Amino acid sequence: MAIPRKKFVAGNWKMNMTSSEVSPYLEVFRLETEGINNVDIAIIPPFTALAKASEILGGTQKIRLGAQNMSPEVKGAYTGEISATMLRDLFIRYVLVGHSERRRLFGETDELVHRKVVTALASELRPILCVGETLEERQAGQEKAILEAQLSGALTGLTTDQLEEIVIAYEPVWAIGTGLTATPAQAQEAHHFIRDYLATDSGLEIAAKTRILYGGSVTADNARELLFQPDIDGALVGGASLDPRSFAEIVAAAVPTE
Ligand code: 13P
């Protein structure tokens with residue numbers, strides 16, 4: 001079951017950065033990551049900066065683009081929404097689905113998250129499915145039950161081919177933007193649980209192939225220790241991805257040593 005999983009580091013800019021800040025950012029980031037070829041990299045700017053980023057990157061394989069959200073609907077009278085087709089039109093490859101900020105602040109349910117996953121896959125966008133427990137849930141010893149409910153809610157009914165397209169991000173809510181990183185042991189335990197869930201629910205092959213990223217106060221200082229836990233296949237970085245140099249350092253920390 002030792003299928004090597006290429007590390008994947010993605011930067012979620014959240015509601016930061018304007019379109020005019022994209023070009024100077026990418027200029028530095030591209031330079032800083034020039035020699036790195038064995039890590040998958042994505043940046044996930046806000047919608048208004050995607051077109052600019054897409055124009056600059058021009059569909060390069062090296063730095064992929066992701067969107068932070070997407071409508072579960074295909075098209076039509078949904079004022080203010082962005083469809084999967086609109087994202088594909090800008091050569092977007094990934095889309096975050098079920099980020100805890102969307103669940104918590106915008107009331108996204110597991111059922112909505114599932115619909116978004118299905119819509120993304122139908123348009124050949126690869127969902128980065130975010131899961132994770134709150135501090136209260138962890139203190140009550142419920143973290144595994146929460147992860148299981150979020151995973152089963154989002155992934156129910158998907159075929160093996162669909163499951164192969166999915167990336168999972170474990171982001172404990174208490175570690176997001178707080179400077180309180182999960183310890184490598186805590187993160188590994190949760191990632192192992194997620195992989196076990198996939199093995200039971202979807203089979204060993206899917207479990208062995210699926211990349212599971214860790215997110216929550218990842219910095220250049222703590223990245224390496226987290227990234228080389230056996231079940232951690234990359235990082236979903238918020239705050240530290242806003243500076244191109246510190247994000248490039250995190251990407252560099254994901255380079256395999258041998
Ligand atoms: P921080 O890295 O700022 O904690 O954010 C993590 C996150 O939510 C990435 O999606």
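The values are calculated or read from the model by the stated rules, or taken from the named source; none is laboratory data. What you are looking at is a predicted structure, and each value in this text was computed from that prediction instead of being measured. Counting neighbours? That spans all protein chains shown, and the Cβs are built from the backbone with ideal geometry, glycine included.
Restricting to the range 223-245, and then to whatever is within 11 Å of the ligand (Cβ to nearest atom) and out of contact with any Leu (no Cβ under 8 Å at 6 or more places or on another chain), can you tell me which residue is farthest from L26 (Cα to Cα)? Residue satisfying both the conditions and the ranking: A223. Each residue in the range 10-35 was checked for being among the hydrophobic types (A, V, I, L, M, F, W, C) and more than 16 Å from the ligand (Cβ to nearest atom), and 5 of them qualify. Look at (1) in a loop (DSSP other than H, G, I, E, B); (2) modelled with pLDDT of 95 or more and you find that T48 fails only one, number (1). The conditions of being within 26 Å of K7 (Cα to Cα), modelled with pLDDT of 95 or more, surrounded by 15 or more Cβ atoms within 10 Å (Cβ to Cβ) and over 17 Å from the mean Cα position of the chain (by Cα) are not met by E55. Between V9, V22, V28, the distinction of being assigned to a helix (DSSP H, G or I), touching a residue at least 60 places away in the same chain (Cβ under 8 Å) and surrounded by 14 or more Cβ atoms within 10 Å (Cβ to Cβ) belongs to V28 only. Would you be able to say whether some residue in the range 169-181 is more than 15 Å from the ligand (Cβ to nearest atom), surrounded by fewer than 23 Cβ atoms within 10 Å (Cβ to Cβ) and either within 18 Å of the chain's Cα centre (by Cα) or assigned to a helix (DSSP H, G or I) (or both)? No: zero hits. Taken across the range 239-251, residues that are among the hydroxyl-bearing types (S, T, Y) and free of Cβ contacts under 8 Å to residues at least 12 places away in the same chain do not occur at all. Filtering the range 72-107 to residues that are outside any strand (DSSP E or B), crowded, with 20+ Cβ neighbours inside 10 Å and either away from the ligand (no atom under 13 Å from the Cβ) or in contact (Cβ under 8 Å) with a residue 60 or more places away in the chain (or both) leaves P72, A84, L87, I92, H99, S100, E101. Per the listing E225, E165, E189, the residue uniquely without any contact (Cβ under 8 Å) to a residue 40 or more places away in the chain, among the charged types (D, E, K, R) and surrounded by fewer than 18 Cβ atoms within 10 Å (Cβ to Cβ) is E189. Filtered by the rule that a residue be surrounded by 23 or more Cβ atoms within 10 Å (Cβ to Cβ) and in contact with a Ser or Thr (Cβ under 8 Å, 6 or more places away or on another chain), the range 117-138 gives C130, G132. The set of residues from the range 228-258 being more than 11 Å from K7 (Cα to Cα), surrounded by 24 or more Cβ atoms within 10 Å (Cβ to Cβ) and not hydrophobic (A, V, I, L, M, F, W, C) comprises just one member, S241.
I'd like to know if the range 139-150 contains one or more residues that are within 16 Å of the ligand (Cβ to nearest atom), buried (at least 17 other Cβ atoms within 10 Å of the Cβ) and not in a helix (DSSP H, G or I). Scanning the range 139-150 turns up no residue that is within 16 Å of the ligand (Cβ to nearest atom), buried (at least 17 other Cβ atoms within 10 Å of the Cβ) and not in a helix (DSSP H, G or I). Scanning the range 179-214 for residues that are among the polar types (S, T, N, Q) and closer than 21 Å to D40 by Cα returns Q188, T210. Taking the listed residues T181, T156, T200, T160, the one that is within 30 Å of A248 (Cβ to Cβ) and not small (G, A, S) is T181, with no other qualifying.
Which ones in the range 198-222 are without any contact (Cβ under 8 Å) to a residue 24 or more places away in the chain and within 16 Å of the ligand (Cβ to nearest atom)? The one that is without any contact (Cβ under 8 Å) to a residue 24 or more places away in the chain and within 16 Å of the ligand (Cβ to nearest atom): D221.
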